[in-house]
Amino acid sequence: MNAISTPMDALRPAPVLEVSDLRVSYGSASRPIHVVNDVSFAVGRGEALGIVGESGCGKSQTMLAVLGLLPSSGRISAGKVTFEGQDLARLSARQLRGLRGKGMALISQDALSALNPSMTIGTQMAEPMIHYDGMSRAAARERCIELLDLVGIPGAAARLGAYPHELSGGMRQRVLIATAISGNPKVLIADEPTTALDVTIQAQILRLIDRLRRDLGMALVIITHDLGVVAGVADQVAVMYAGRVVEAGSTDAIFSEPRHPYTRALLEAIPKLDEPADKRLTPIAGLPPDPRRAPAGCAFHPRCRLVQPLCREQLPALEAKDAGAGHLIRCSVDPWARTATPEARGVSASGALS
Amino acid sequence: MLSFIARRALQTIPVIFGVTLATFLLSQIIPGDPTDILLGPGASEEARAQLRQALGLDRSAVGQYLLYLQNLVQGDFGQSLTFSKPVSEVLASRMMNTALLAFAAIVLASVLGVAAGTFAALKPGSLRDRALTVVVLFLNSMPSFWLGLLLILAFGLQLRLLPVSGMTSGDGGLVNLLAHMLLPTLTLAAWSLAAIARMTRSSLLDVIGSDYVRTARSRGIGEWRIVFFHALPNAMPAVITVIGMQMGFLLSGAVMTETVFSWPGIGLAMYQAISTRDIPLIQGGILLLAVAFVLINFTIDILYAYFNPKIKLA
């Protein structure tokens, strides 16, 4: 499987983080349950990749595997993760620990549960600086204040003694971002960073993450179920379904020419400003499959409006089709191919959706 | 924190009143005329009336309760029938012995329990985890009098390594005292140790699976720092609650253990008082144990607040 690549590859920076053919499995070796399959992507310095999909599509599992933070029952059973050319599987536990925080950092979804409730903000922010980087307490304190300023927390010095539950939700997310960037990571992984926040705060946090990425030259991997988030922040998008990438390409291509029925369905489920307010949204019927009982063929076929007999039998490959360069689609039917007829899209002669 | 402690201290006052009421009611509920017990069935009606007046038994129930409280405040718990001494003297001479045993037991149970639970939680499902589960189950299912008798049989009678009864023998030095303490302490600690180990394990596993431990890992914090600085402090409130509850159980467990090992503590005195229907001593003993229980809970609440900053707001 190819990583997302374009003819502009020569101009793109060498990837900082590269994932190829990653497979994550749970359960015994004889009866494994694969929650992530054949996932490949690459992000370069300063680039932003959005990984999109419903809950349970393997997005978070992919990123936990990248960070080496899978729970003890899970494992990477195939493929590899390369950070700055180093295969992470070859690193010792100690080297891997050194990489976390400095090479790659994580912002999780719910800042309240992601911050230690019994430690003050200052103590947890300063912990790696004092105990692993040999900074003095005073220097670490200065650095924490500087970081809190950077993420836009007013009166930073006074906040260092606060416990997480004493801050507002948006404030906590900012603190979590400050802790994540404290080690000057080269890759920032944001797992649903705005899901737990209300809409106005979401926009502020997204702008903050975007600004920090540009200012600090980090590569960003943002995991979300919200295509709106991706549109605002990411250059590249990978849409995941049931542990596999079903469509990948530049953000422009995905939004202007969505090709996979799942991507289109996700887009149809979002309200748009240029449509009448009373237009009904089209939800995707059903739920993503349980990885223990994944359907044969294309995993999306039970929910797909355009399912064909072939879909139930054959797992389509992720391939370029006739879309723009670097735009990959995993669909046997490919109803929105440039050459496809309207009938393939389930549109009858009268033009209405069947 | 100070205002929290003060508020919590005030809350214990009604509880202690409730306990005095309960022990008072005990004397009211128990059938029979106290003068029968004190003077014997052949006493004259005159003598009975005199004694009733002296003891305040001729007053109304409320009046008797107030008299009881008045005496308690002055440190007068009444007269023990079996020991022919004031109850307060009997209890005072034995309180330290029980405290010593209970303290040794809870320290042993806490240290070993937390260590064992942590040891198991670091590798869930491993051989050592499963072996520990079996030991914990064994200790948990073992009644303390039975374990005590087995220990006496093994170490006292077969191996003849340790004394099996009393607090001291011979010259009674520190080593002699410790030797006498060892078996009763083990017996008393066993059940609590198992409960503490189990709670430590499950609470720690919960915390290790939490988001903030993942955050700490994602920032490159090492495994031992995670366990000791992130996981254990957050697992502690649950463990402390169990330790506190165990201290309550230890006080009652002391009755059994002290009886089995003839340890001259409150438990043994209570056992003797119950078998001889020495009501004032039973009342005094219950009151003392109940107040100790309340004070322990008070201390636990404060420790709880120390480990969990959110409590202080409430």
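No value in this document is a laboratory result; all are computed from the given coordinates. All values derive from a computational prediction rather than experimental measurement. So basically every Cβ, Gly included, is an ideal-geometry build from the backbone, and we count neighbours across all protein chains shown.
A few points about this structure:
- Between 0 and 90°, nearest 10: helix A:121-131 axis offset from chain A longest Cα axis: 80 degrees
- Between the alpha-carbon centres of segment A:26-40 and segment B:244-314 there is a gap of 54 Å.
- Highest GNM mean-square fluctuation among A:V229, A:V36, A:V245, for chain A modelled with Cα contacts below 10 Å: A:V229.
- Under the Debye formula (equal points on every Cα, no solvent term), log10 I(q)/I(0) of segment A:206-338 at q = 0.11 Å⁻¹: -0.44
- Rounded Å value of the spacing that divides the Cα centres of segment B:55-78 and segment B:147-206: 40 Å
- If both residues of a DSSP beta bridge must be in chain A, then about 60% of such bridges are antiparallel.
- Total formal charge among the other residues, if their Cβ is under 12 angstrom from that of A:I121, Lys/Arg +1 and Asp/Glu -1: +2
- Binned Cα-Cα distance frequencies in chain A - 20 Å width, integer %: 28, 55, 16, 1
- Segment A:84-211 shape via C-alpha gyration tensor axes, a/c threshold 1.5: oblate
- Neighbours of A:R97, meaning other residues whose beta-carbon lies under 9 angstrom from its beta-carbon, give a summed charge of +2 when Lys and Arg score +1 and Asp and Glu score -1.
- For segment B:87-313, the Cβ-based charge dipole about the Cα centre amounts to some 800 debye (Lys, Arg positive; Asp, Glu negative; other atoms uncharged).
- Ranking B:I221, B:I30, A:L273 by Cα position along the charge dipole of the protein assembly as shown, where only Lys, Arg, Asp and Glu carry charges on their C-beta atoms, puts B:I221 farthest toward the positive end.
- Segments B:110-116, B:165-171 sorted - mean Cβ within 10 Å per residue, highest first: B:110-116, B:165-171
- Straight-distance crosslink candidates among aspartates and glutamates, where the alpha carbon sits under 15 Å from B:K85 and sequence neighbours closer than 8 are dropped: B:D76, B:D278
- Rg over Rh for segment A:103-166 works out to 0.95, using Cα positions for both radii and the Kirkwood form for Rh.
- Note on segment B:2-73: the C-alpha convex hull projects to 5.7 nm² when averaged across all orientations.
- Fraction of the pair-distance distribution of segment B:124-184 above 17 Å, Cα-Cα pairs, percent: 54 percent
- Across the options B:G42, B:A61, B:V73, the greatest Cα extent toward the positive end of the charge dipole of segment B:2-73 (unit charges at beta carbon of Lys, Arg, Asp, Glu) belongs to B:V73.
- Listed residue (B:F138, B:Y306, B:M247) projecting farthest to the positive dipole end of chain B, Cβ model: B:Y306
- Distance between segment A:124-167 and segment A:265-304 - C-alpha centres, whole angstrom: 43 Å
- Beta bridges by DSSP in the protein assembly as shown, antiparallel share as percent, to the nearest 5: 60 percent
- Relative to the compact-globule estimate of 2.2 N^0.38 Å, the Cα radius of gyration of the protein assembly as shown comes out at 1.35.
- Segment B:33-154, relative contact order [Cα under 8 Å, separation at least 6], %: 8 percent
- Per DSSP, loop GluC sites (Glu not before Pro) in segment A:252-319 with at most 13 further Cβ within 10 Å: A:E313
- Partner aspartates and glutamates whose Cα lies under 16 Å from the Cα of A:K102, excluding those fewer than 8 positions away in the same chain, are identified as A:E84, A:E127, A:D133.
- Relative to the longest principal axis of the Cα atoms of chain B, helix B:127-141 runs at roughly 10 degrees.
- Between B:Q158 and A:S28, the FRET efficiency from the beta-carbon distance, with R0 = 45 Å, is close to 0.45.
- Among the trypsin sites (Lys or Arg not before Pro) in segment A:245-354, those placed in a DSSP loop whose Cβ has at most 11 other Cβ atoms within 10 Å are A:K272, A:K279, A:R280, A:R338.
- Listed residue pairs exceeding 29 Å between alpha carbons, taken from A:K279/A:K321; A:K80/B:K123; A:K80/A:K186; A:K80/A:K321: A:K279/A:K321
- Rounded to the nearest 20 debye, dipole of the protein assembly as shown from Cβ charges on Lys, Arg, Asp, Glu: 1020 debye
- For peptide B:229-239, the mean count of partner chain Cβ atoms within 10 Å of a residue's Cβ comes to 2.
- Overall form of chain B per C-alpha gyration tensor (a/c, 1.5; a/b vs b/c): oblate
- A cut-off under 12 angstrom between Cβ atoms defines the neighbours of B:T82, and their net charge, with Lys, Arg +1 and Asp, Glu -1, is +1.
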